[in-house]
Structures are given as structure tokens and as C-alpha cells.
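The values are calculated or read from the model by the stated rules, or taken from the named source; none is laboratory data. Worth saying up front: this structure is predicted, and the values here are computed from it rather than measured. Every residue, glycine among them, receives a Cβ derived from its backbone with ideal geometry; neighbour counts consider all protein chains shown. Accessible surface is based on the protein model in full, side chains and every heavy atom, while ligands, DNA and RNA are left aside. Shrake-Rupley method; radii C 1.70, N 1.55, O 1.52, S 1.80 Å.
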Amino acid sequence: MADQVQNDSNPGGTTVFVSYSRDDQKRALPIIQLLEQNGYAVWWDGMLEGGERFARTTDAALQRANAVVVLWSKTSIGSHWVHDEATQGRDRRCLVPLSIDGSQPPLGFRQFQVIDAAALKIRADSAEMMGMLRAVAALHDRPFVAPAAIRARAPIFSRRTAIAGGTVVAVLAGGAAVWKTGLLGGTLTQNSIAVMPFANLSGDASQQYFSDGLSEELRATLSLNQQLIVAAQMSSINVQELKLDVKDIAGKLDVAYILDGSVRRAAGILRITAKLIDGATGFQKWSQTFDRENDDIFAVQSEISTIVADQLAVAIPASSKRQKHGVGSTNNARAYDAYLRGKAYYKLAVDEKTDRAALAQYELAIKHDPEFAAAFAAKSRVLTVIANNYASGGELKNYYTQAIDAARGAVKLAPDLCDAHSALGFALFNGRLDVKGAYDPYQKSKDLGFGNADILSGFANYATRIGQFDAARQAIRRAQRLDPLNPSAYRNAGVIEYSARNFDAALAPLQSALRLNPKISGVYPLLGDMKLLTGDAASALENYRKIPRGFDRLKGLAIAETRLGKRDLGAAAMADMIAEFGDNSLYQQAQVLAQWDELDPAMAALERAYQKGDSGLVLSRNDPLLDPVRRDARFVQLQTRLGFE
């Protein structure tokens with residue numbers, strides 16, 4: 001599906017128009033995706049309806065486009081539509097012609113150099129595709145940057161938000177504020193849909209996990225289709241909290257359709273009602289009730305997904321049909337039920353008790369179905385959470401080893417499961433500080449998870465930590481399009497700019513994250529750090545004091561109080577951090593010491609952090625707070641040992 005990516009030269013509107021024959025759509029889609037991945041807002045006819053509306057909308061898109069990419073072929077040469085669109089591009093001097101089957105362009109277009117894409121597998125690193133991207137960049141007055149494979153490096157925060165790219169939060173009044181400021185883009189496409197949380201009509205609140213899980217699995221299956229834009233789970237849940245009507249929900253999520261429904265589960269019998277609603281009119285496009293036995297849940301999910309895709313005139317990809325119920329899933333009803341219970345516990349994110357309850361359910365799911373890849377991936381994630389938050393010493397190493405083994409098991413069982421590769425990359429880097437080993441899993445997760453906002457956010461954080469900021473920005477833009485009401489997506493966008501030292505650019509997304517969720521973690525430390533690094537220690541201190549607790553608060557207080565001349569208060573905050581967190585705060589101790597200009601002690605703390613396997617070191621390559629020691633030969637050697645250099 002063509003994603004409307006915002007662009008500096010034409011914010012919020014079409015920047016590239018792709019013209020081709022419908023018979024060539026299979027060849028056109030990879031080219032469209034490549035343009036999107038390089039930050040362009042793409043218009044193509046799969047986004048449009050027929051008749052007069054088609055003509056008017058196409059003409060408007062052509063007039064807005066900075067570049068018109070025409071795919072010439074035996075069939076497109078005979079298309080009046082393609083001729084007209086190519087003429088517009090030629091007359092406006094923004095034509096970029098490709099031949100996708102060796103055909104010569106028709107008369108009137110042969111004076112232009114044609115890129116030969118015949119018999120070419122579309123790859124970002126091919127000379128032909130780089131030629132196209134170079135021409136498109138020139139028409140946008142942009143410098144051309146050749147796409148580069150991202151080398152292995154690493155993620156992010158040590159908390160669950162880094163693993164999944166999102167947190168479970170309730171959207172507050174700030175959701176409306178973000179929409180009104182225009183930060184979400186407003187780039188509606190016809191093949192876009194939001195799956196709302198299905199209502200639990202079982203009369204038993206304990207069954208809520210099942211109806212929530214059904215919604216999530218339908219969303220995951222539909223998101224496998226790259227012709228669809230599927231709003232992510234967090235935004236779908238958050239917008240429901242606002243108690244809006246269907247048309248307003250569609251507007252806030254920037255989707256054309258809403259899939260809603262209910263589940264009644266009793267005495268082994270399921271009644272599932274699903275309805276597809278036109279977001280523009282509020283009218284139902286399709287509805288159906290399914291009465292089945294519990295074991296038939298997989299067939300119902302598959303049927304609903306197929307019907308929805310048919311209604312939107314797109315095809316469910318073969319990868320989602322390998323089982324009755326999606327990539328990496330199960331056909332065992334007992335395993336599936338335990339898996340959904342585990343996800344419900346995991347999302348609570350309350351304490352060690354709920355995390356261990358989630359782990360127990362995932363292990364039960366695997367017991368019922370030893371080939372349940374998604375359960376292995378979920379087990380890896382919760383083991384990483386337990387290691388990050390509750391373990392230390394030898395126990396910590398053991399949990400990370402288990403997490404890596406579970407993720408590798410998931411990859412072996414389901415090589416096309418994006419979540420399995422993402423979990424493996426995260427566990428390898430944070431558990432073993434294995435920079436090079438994490439590269440392939442993270443890259444694979446991004447390639448497979450183009451429709452999954454959580455996977456894209458995780459990859460964006462990873463790319464940020466290794467200094468690949470353009471790749472991170474592209475991934476986070478796509479994640480924000482899929483998940484426009486998730487505050488974590490905006491926080492992650494701010495992290496990218498902060499790490500790139502673009503503090504002014506970081507401010508707006510961080511403020512948007514706070515408007516969506518004033519209690520979101522990780523934002524006030526960044527705001528405090530930026531104030532500190534720009535010389536405003538007093539404002540930095542105000543932000544650090546807004547952090548409820550933890551070593552981020554104490555680290556900030558230690559630096560800011562000292563910078564303001566209150567050395568005793570700074571030293572007291574440092575002492576409190578060491579007393580409360582001990583060696584688990586070695587990385588933060590190094591940050592404080594570096595900002596105190598105590599470079600030898602800072603390097604000693606970093607060395608100890610390395611010996612202890614402190615996952616905070618994943619931040620070190622681009623951490624502005626470590627700039628005082630960045631040129632130290634010992635720091636450079638440490639970066640080499642970590643695999644950053």
C-alpha cells in the first residue's frame with residue numbers, strides 16, 4: 001500500500017506519482033515500496049476509486065507531484081491513462097521513465113533517457129534503482145544518499161518499551177491536540193483499515209483476554225499484506241478510549257475503513273460478529289456472525305481476514321496462509337488460549353509477578369504445541385524483561401541465555417516471523433553485547449515487519465544506536481503512520497534527533513509524546529539532557545525533578561546540581577544512585593563522571609560496565625553525555641571491542 005510519507009519539499013502531500021498499467025502491478029509494487037522506504041509520499045492508482053472521482057483525484061495528485069515515475073511496458077504503451085500521465089510529467093519537466101520489460105517508450109517520449117529495469121529484481125543497491133532514486137532526489141532538490149546496508153549494532157532502552165517499540169498506556173486528552181497540530185499527516189488511502197478491540201460479550205470479565213487477542217491476531221494477519229495500511233494496536237486501543245463515533249475514529253487514525261466486532265464465548269461455543277465500516281460515511285460495508293466451536297477459532301480468523309481483503313480488493317499474501325492462522329502461530333486451541341493469556345499478563349506491565357505469570361503461560365503454550373514459534377518469540381521477550389528489571393549477576397546471564405535460545409527457536413520454526421528476528425536481535429545485543437550478531441536479525445525483522453509499527457520502532461531505535469539516522473527516520477515515519485496515537489513512536493522520533501545532536505528537531509516529537517501521555521517514561525530525561533547540554537542547567541534540573549524515581553532522575557540531579565555550583569547536592573545524588581542501584585548503574589555513573597570532567601574515573605566505570613555486561617553500553621556510541629571521553633583512546637578501544645568501530 002502506498003504510504004504518504006511526509007517530505008520537506010511538499011509536507012503532507014504527494015511528492016512522487018507512479019504511472020503504470022494495472023497488468024504490471026506486481027512489478028510496480030516493489031518500486032513503490034522502494035520510493036516509500038526512501039522517504040517519498042507516493043501516489044498510485046491502487047489508492048483510488050473509478051469514474052469522475054478517479055479523474056479529479058489523479059489530476060490533483062499529478063499537479064502536486066515533484067516527480068512522475070512512468071513504468072513503460074507492452075501494456076502501458078497502449079494505455080491512454082499512462083500516456084496522459086506521462087505527458088503531464090514531460091510537460092512539467094519532472095518525468096522519470098523506466099522500461100520494465102525492455103519495451104521502447106512510444107513516440108513523444110524517446111528523447112528521455114530510459115532506465116532499463118527489464119528482468120531486474122528490484123533492489124535498493126542496484127545501479128538501475130539508484131539511478132531512479134538519484135533522478136527523483138534531484139527533482140526534490142535533495143542531495144542523493146545511496147541506500148546503505150545497516151551494520152550490526154544495537155537498540156535502546158533497557159525497559160520493555162525498547163523491546164516492542166511501544167508501551168501500554170491510555171491516551172489522554174493530548175490525543176486530540178496532536179491531531180489538531182497536523183503531526184499525523186492526514187494522508188488517507190483507500191486500502192487502509194483499523195481493527196478495533198472486539199467487545200467481550202461473554203458476561204465474564206476474565207474472558208477479555210480472548211476478545212482482545214482475536215482483534216490483535218486479525219490485525220497481525222492483515223498487516224502481512226503490504227498493499228494494506230493497518231493501524232497498529234496501540235492507536236486502535238487509545239482512540240477507542242476517546243469515545244468517538246466511527247467517522248471521527250477513522251479521521252484520527254487516518255484510515256478509510258474500520259473493522260469492529262464482538263465475541264461471546266460460553267460452554268465451548270463461540271459467537272463472533274464482525275463488521276466492516278466505511279470511515280467516511282459510517283455505513284457498514286459488510287457484516288457477518290460466525291457460530292463455531294472453540295477449536296474453529298483459527299478458521300474464523302482466516303475467513304474474516306480473507307473477506308476484509310476481498311472487500312478492500314487486495315489479496316491476502318501466501319505467507320499468511322501457511323497455517324490456518326498466520327505465520328508462526330498454532331492450530332492447537334489450548335496452546336493458543338495460553339498464549340493469549342500470556343499476552344494479557346505481559347501487557348499489564350505491573351511488576352515481576354505479572355511478568356512471571358506471562359512467562360508461565362507462554363511456557364504452557366509451548367508445552368501444548370512445541371512448534372508454536374510466536375510463543376517462543378514471546379517467551380524470549382518476557383525473559384529479556386525479567387533479566388533487565390529483576391535479575392543480576394549469574395542469574396542475569398542465565399535469563400539472557402534462555403531469551404536467546406527461545407528467540408533462535410522461534411526463528412528456526414518460522415523464518416518469516418518478524419517478531420522472532422526482532423526478539424533475537426534485542427536479546428543478543430542486550431544480553432551479550434553482541435553488536436555484529438544482532439545485525440542480521442534486526443535487518444530481517446525490518447524487512448519482514450514493514451506493516452508492523454512495533455517492529456519498525458524497534459528497528460528505528462536500533463539504527464539510531466549505530467548512527468544510521470536516515471534509516472531510523474524512515475522506519476519511525478512509517479511506524480507513526482501505522483500508529484499515530486502511540487506516544488512511544490513520538491518519543492522514539494525524539495530519541496533519533498537527540499542522538500544525532502539535532503536538539504531543536506527533537507523537541508517537537510518529545511512534546512507530542514507528553515501530550516499523548518504525560519506519564520510516559522524516558523521523555524523528561526531527554527528534555528533534561530538537552531537543556532543541560534545547551535547550557536541551561538536550571539531548566540535541566542526542573543525536568544530531572546519530574547522523573548518519578550530511578551537512576552535517570554539521580555543521574556540528572558547529580559550532574560545538574562553540580563553544574564549549578566551545589567556540589568554537595570550533586571555528590572549526594574550520586575551516592576544515592578550507587579547505594580540504591582550498585583553495579584546496575586555503572587553506565588549512569590560513567591555519564592555523571594564524564595560530565596563532571598573526571599575522565600579517568602568515567603573510563604573506569606565504563607570498563608567495569610563492560611566486564612559486567614551492562615546493557616547501558618548499547619547507548620554509548622551516540623550518547624552526548626559521554627562526549628567528554630569520546631576522543632580518549634581507551635573509549636575508542638572500548639567501542640572497538642563492542643563492535644561499533
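Roughly how many whole Å is it from the C-alpha centroid of region 447-498 to that of region 405-423? Region 447-498 and region 405-423 have Cα centres separated by 21 Å. The three principal axes of the C-alpha atoms in region 228-277 carry coordinate ranges of 39, 24, 18 Å, sorted with the longest axis first.
Using the average count of surrounding beta-carbon atoms within 10 Å as a protection proxy, the listed peptides 278-291, 415-428 rank, highest first, as 415-428, 278-291.
Of the heavy-atom accessible surface of region 504-645 (probe 1.4 angstrom), what whole percent is carbon and sulfur? Exposed carbon and sulfur together represent 50 percent of the surface. Of the peptides 394-401, 522-529, the order by per-residue mean of other Cβ atoms within 10 Å, starting with the highest, comes out as 522-529, 394-401. Across all directions, the average projected area of the convex hull around the alpha carbons of region 474-566 is 5.8 nm².
Per-residue packing, averaged as other Cβ atoms within 10 Å, sorts the ranges 31-37, 514-520 into the order 31-37, 514-520, beginning with the highest. Dividing the Cα radius of gyration of region 567-630 by its Kirkwood radius returns 0.95 for Rg/Rh.
Average projection, convex hull of the Cα set of region 399-556: 9.6 square nanometres.
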